[in-house]
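In what follows, a single structure is set out as structure tokens and then discussed.
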Amino acid sequence: MNTVEKCLDLTEKIVELAQKVTEANRDQSIEEIETLLEQRLELLSLLQKPYSEEEQMTGKRLLIRNQVMEQSLMNIKTEIRKDLQMLEKKKQTATRYHNPYASAEELDGAFYDKRR
């Protein structure tokens, strides 16, 4: 198995893992994906020209799978971002619940004369 085929195999594994990520196993899956991405990066740095016909065909398949991999990873990133936004919203709601008049304290007693 040449370097391009190994890289394609790692890309396939990353795509499989990324598509099977759930909220329950997300942390573990992300760690596994990061490990595979590091291995893939090492393999990509080993690629050297000129490429044979077989390597070029495998490279084209690799580019197609790379796009799928990037989309899957972006979906995971979007889910994490939504979770962080929900967490921040819950924190704000909890703060407002514990001290509902906090925003009124800042404006209490302010007077602006508009006649001048």
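Taken together, the values in this text are just the output of simple stated rules run on the coordinates, not laboratory data. Everything numeric here is computed off the predicted structure, so don't read it as measured data. Neighbour counts run over all protein chains shown; Cβ positions are idealised from the backbone, glycine included.
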Any idea what log10 I(q)/I(0) is at q = 0.14, 0.15, 0.18, 0.19 Å⁻¹ for the chain, Debye with uniform C-alpha scatterers and no solvent? -0.72, -0.78, -0.95, -1.01
Percentage of interatomic Cα-Cα distances in the stretch 1-62 larger than 18 Å: 40
Mind checking the full-extension length gain between Tyr101 and Glu23? Use 0.36 nm per residue of separation minus the Cα-Cα distance, one decimal, nm. 24.5 nm
Nearest 10 degrees is fine. How inclined is helix 26-46 to the longest principal axis of the chain, computing both from alpha carbons? 40
Report, in listed order, any pair from Lys20/Lys90; Lys6/Lys49; Lys13/Lys77; Lys20/Lys89; Lys20/Lys82 with a Cα-Cα distance greater than 21 Å. Lys20/Lys90; Lys20/Lys89
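Compute the relative contact order of the chain as a whole-number percentage, counting only Cα pairs closer than 8 Å that sit 6 or more residues apart in sequence.
Numbers: 54 pairs, mean separation 41.4, N = 116.
The normalised contact order for the chain reaches 36 percent.
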At a Förster distance of 35 Å, what's the computed FRET efficiency of Lys77 paired with Arg115, Cβ-Cβ distance as r, to 0.05? 0.05
